[in-house]
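This report refers to the structure that appears directly beneath it.
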Amino acid sequence: MTSLACVTLEVTDLTAAERFYATAFGLGEELRLRTSQAPTTGFRGFTLSLVTAQPAHVDALVEAAVQAGATTLKPAAKSLWGYGGVVQAPDGTIWQIASSSKKSTGPATRRFDEMVLLLGVEDVKASKQFYVGHGLTVGKSFGGKYVEFATGSAPVKLALYKRRGLAKVAGVSPEGTGSHRLVIGSDTGTFTDPDGFVWTPASTTASV
């Protein structure tokens, strides 16, 4: 079964990005960074999510991100599905911080249980079939709106969402051009999906 080992964000200022992520989230090998000057404007077509056990953890992560230089796109708040907020890192990456719980039962920490990469695609059904053809297994599927892949114990989970819908969730315009500024590292080969997202073996995505 194909799984995700890491994601690499391409950033303009590598030193600043390393400082931000170390301070805000304390991420490990699941997140890598490398320098890029590739042109990009507007929504890059994806978000990263940190899923936590309780609202207090959401607040702690959002606060740490904002103090480290992130911009709040959606303040943390309760919703039908739980509690969460959205921030944009200084490098432009959009992060959703969320919990399915609406009530905290313990002290606040910056601990998160999983990181999820959500790709905004034009045709969810077509992209689902593309990824199934590349060895991924569908875990959940809701017609042409959302697909979640079964990636086992992989450090990064993967889901597909309509591009316009994902932009709405993130609180930004769906318009955007140029590079995604993202490389997906996995245990499979190199390929590019129908929406231009690049996959490479995780061993080739070291920070530079």
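Odds and ends about this structure:
- Calculated diffusion of the chain, Stokes-Einstein form, Kirkwood radius summed over Cα pairs, 4 °C and 1.567 mPa s, µm²/s: 75 µm²/s
- Per-residue packing, averaged as other Cβ atoms within 10 Å, sorts the ranges 49-60, 116-127, 141-152 into the order 49-60, 116-127, 141-152, beginning with the highest.
- Label-to-label distance, THR72 versus SER173, with points set 7 angstrom from Cα along the beta-carbon direction: 2.4 nm.
- Length-normalised contact order of the stretch 4-204 in % [C-alpha pairs under 8 Å, at least 6 apart]: 27 percent
- Length gained when the stretch HIS134-PHE191 is fully extended (0.36 nm per residue, less Cα-Cα span): 19.6 nm
- Spin-label pair ARG19/ASP123, simplified geometry with 7 Å Cα→Cβ offset, distance in nm: 4.6 nm
- Extension gain for VAL198 to TRP81 (0.36 nm times residue separation, less C-alpha to C-alpha distance): 39.0 nm.
- Alpha carbon centroid spacing (whole Å) that separates the stretch 40-106 from the stretch 141-208: 18 Å
Readers should treat all values here as calculations from the given coordinates under stated rules, not as data from a laboratory. Since the model is a prediction, treat every value here as computed from it, not as a measurement. Ideal geometry is used to build each Cβ from the backbone, glycine not excepted, and the neighbour counts take in all protein chains shown.
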